[in-house]
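Take a look at the structure set out below.
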Amino acid sequence: MKRTVRGRVESGLDHPVVWLGVIALTLVSLYLANVIWWISIPMVCSIVLYYLCVPFLDFMKRRGLTQGQSLAVLMCGATVLAVIFALVVLPWTYVQIQSLREHLPAYLEQFQATIDRTLLQLEEQFPMLAQANFARGTADRIAQIKATLIEKHLSGAVLHLLTWVVSVLLIPYLTFFMLKDGGAFKRLVMRGVPNAFFEKILLLFDRMDAQVKQYFRGLMAMTFLDTVTLGLGLWLLGLPHGMFPLGQAMVLGFVAAVLSWVPYVGSIVGCLLIVAVSLVFAPGHLILAGGAILLFIFVRLIDDFIYTPLTIGRSLSVHPLITVVVIFCGGMIGGIPGLLLAMPALGVAMVLGDIFGQVWFDPRLRARHAHARGLRHDEATKGLFD
């Protein structure tokens, strides 16, 4: 519960010491997540699925089913969807990966040729670039990156993906036990809270839990809307050029929507990815690449003014400087998984920091806790020194 002081809402994050603890906890969490990524990634995915499945279980309980019956119905439905996914989506994904692996050298050659032509045109417009041998130097660096990508990384990409199979299989297992024993785990955690702080921490946990539920549901809804908007936009842009069939357009839209989970950086990376694909598959149609950039700008605007208010409602109240620093720290510590986990880790640390700040810096609660400790000490030592 937050107090109003002189017309504003007091938060546990108002204390500088708490903010230092939040940032430190975030960085330590990202480091540990990178060390034990094989369990941290499935754990985060399981938490997201948990919050998405809880409304269905509550609906089934209101219909008269027990917790076990509701969970059984949910698992049956999830099993059917998993079988359909394995029979339909996985074979299509395998074919696409094999096709990409076979044609990637040719795609990279086309991309490099497009870059070379663009650099030569820049040298013609700006003689100083020609004097600095800008085009040749950049082309040589791109050729080195391409050779490294094909010879070193591409050959081991499939083996690297296989290492994720076990982690992916952990996701439904962890989600099942979170749904089954989540309430018991919460009760176990609350047993360790002193009585003086119990009521307030319980209230804060309940409010924070509701906010997290709304955030994840809103994030999934916004991802769906972004995927559909980007997918349809790319499909319409590609029709005159014979590019972006509907299925591929939706896949690219989904990848860009997931990348946008990373604030600031993710949207730029998604836009660059689509532009690169446009330059590779349609090297002579710069209008298509320009249209993709305009499409991303349009989606970014409707995200800010329509989708976000309708789905997430409000984001974490974090200063942009802290957000950017945490994101780049996550990328340096854990690479791409670190980028994706940076904001969830910061959000969890902020929730814990807010609860700690509101409870620990409340003088009345600390006085009650000290009084309770004194009573327990008196009771424990009663009659020992008679």
For the stretch 12-78 and the stretch 176-204, what is the separation of their Cα centres, given in Å?
14
Which of PRO344, GLY291, GLY233 sits farthest toward the positive end of the charge dipole of the stretch 232-386, with +1 on the Cβ of Lys and Arg and -1 on the Cβ of Asp and Glu?
PRO344
Tell me, what HN-Hα J-couplings in whole Hz come from the Karplus equation 6.51 cos²θ - 1.76 cosθ + 1.60 at θ = phi - 60° for each residue of the stretch 45-50, using x for Gly and Pro?
4, 5, 5, 4, 5, 4
To the nearest 20 debye, what charge dipole does the stretch 340-386 have about its Cα centre, counting +1 at the Cβ of each Lys and Arg and -1 at the Cβ of each Asp and Glu?
80
Taking Cα pairs under 8 Å and at least six residues apart, what relative contact order does the stretch 322-374 come out at, in percent?
21
About the Cα centre, and with charges only on the beta carbon of Lys, Arg (+1) and Asp, Glu (-1), how big is the dipole of the stretch 165-229? Nearest 20 debye, please.
200
Per-residue ³J(HN,Hα) for the stretch 169-181, Karplus 6.51 cos²θ - 1.76 cosθ + 1.60, θ = phi - 60°, Hz, x for Gly and Pro:
5, 6, 4, x, 5, 5, 4, 4, 6, 5, 5, 6, 10
Convex hull around the C-alpha positions of the stretch 251-309: the volume in Å³ per residue is 69
Roughly how far apart, in whole Å, are the Cα centres of the stretch 220-262 and the stretch 335-386?
46
Peptide ranges 337-344, 299-306 listed from the most packed, as the mean C-beta count within 10 angstrom indicates
337-344, 299-306
Send over the Kirkwood Rh of the stretch 26-81, from the inverse of the averaged 1/r over different Cα pairs, rounded to one decimal Å.
13.1
Would you order PHE85, PHE281 from fewest to most other beta-carbon atoms within 10 Å of each residue's own beta-carbon?
PHE85, PHE281
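Coordinate-derived values only; no laboratory data. Keep in mind that what you see is a predicted model, and the values were worked out from it rather than measured. With ideal geometry, Cβ positions are generated from the backbone for all residues, glycine too; neighbour counts draw on all protein chains shown.
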